[in-house]
Structures are given as C-alpha cells and as structure tokens.
Amino acid sequence: QVQLVESGGGLVQAGGSLRLSCAASGRTFSSFTMAWFRQAPGKEREFVAGIKRSGGITYYADSVKGRFTISRDNAKNTVYLQMNSLKPEDTAVYYCAANFNGYGSTWSDSYDAWGQGTQVTVSS
C-alpha cells in the first residue's frame, strides 16, 4: 500500500548539485526508516544514505560522505537527498526505499517498499 515517488533527477556537470525528493503515501511515514540507493548500468544496487524516524540519525556511504545530505520532513511525508560536488561516478538511477518497522540497514533486502527511481547523470 505504500507508494514512493522520486523526483529531481537530471543532467548536471561535474561539480554541480541536485536535490532529489521522495514523496510517500499510504502509511504512517514518520514511523519509517528511509534510505536512498543507487544503481548504475551493469552494477549492483548500492546504499547511498539512510535516515531514522526522527531524522536525528543518518548514515552515508563512504563514497558520498561530505558531499550528500539526507533529510526528511515528516509533515510533508517526504525525504530528500541533497547532492553537492557531483562526480561522473555518481551517475546512476537513484531509488528511495522505506523500512516499515523503523529499522533498516545498508542492505537493500531490509527495505519493504521502493520507488521507481530517478536518473542522475553527471557529465565531465
């Protein structure tokens, strides 16, 4: 019943910025752990960032630390990923995901619902 819809992807030059959004509906968003994953062609889906229910605890992949910031607005049922200093290797389809019991991890199989993804392309 949970529906996740990503937006905000696009084409950007290296060094630029994008902000991704994921809007959720169907259940109590504030109880979910939310995360962003990404998948490049021919690659496995990889964890990017996660945020717990309150928003006070966040996790980042080493490859994006210091460049990306995950946040959430529970009143809007939305999670965001601010991406700065983008690199060509950040090019991928970005997905948001929800863990319904408020836990979750860096492993994709710990998430219960997924969005359809939004393409991010970083050119040199």
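The values are calculated or read from the model by the stated rules, or taken from the named source; none is laboratory data. Computed from a prediction, not measured in an experiment: that's the story for all the values here. Don't worry about glycine lacking a Cβ; one is built from the backbone with ideal geometry, like all the others, and counts go over all protein chains shown. Surface areas here come from the heavy atoms of the whole protein model, side chains and all, with no ligands, DNA or RNA. Shrake-Rupley method; radii C 1.70, N 1.55, O 1.52, S 1.80 Å.
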Check whether at least one residue in the stretch 90-100 is over 12 Å from the mean Cα position of the chain (by Cα), within 20 Å of ASP62 (Cα to Cα) and not β-branched (Val, Ile, Thr), and report yes or no. yes
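Considering only residues that are within 13 Å of the chain's Cα centre (by Cα) and of a type in the set (A, V, I, L, M, F, W, C), which ones fall in the stretch 66-89? Before the answer, list the steps.
Residues of the stretch 66-89 that are within 13 Å of the chain's Cα centre (by Cα), as a first pass: 68-72, 78-83.
Of everything in the stretch 66-89, those that are within 13 Å of the chain's Cα centre (by Cα) and of a type in the set (A, V, I, L, M, F, W, C) turn out to be PHE68, ILE70, VAL79, LEU81, MET83.
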For residues that are over 14 Å from ARG19 (Cα atoms) and not charged (D, E, K, R), scanning just the stretch 71-83, find the one that is modelled with the highest pLDDT. ASN77
Residues satisfying the stated conditions in the stretch 84-124, i.e. open to solvent by less than 60 Å² (accessible area, probe 1.4 Å), in a loop (DSSP other than H, G, I, E, B), over 18 Å from SER30 (Cβ atoms) and at pLDDT below 95: SER105
Just the residues that are over 23 Å from PHE32 (Cα atoms) and not hydroxyl-bearing (Ser, Thr, Tyr), please, taken from the stretch 63-74. GLY66, ARG67
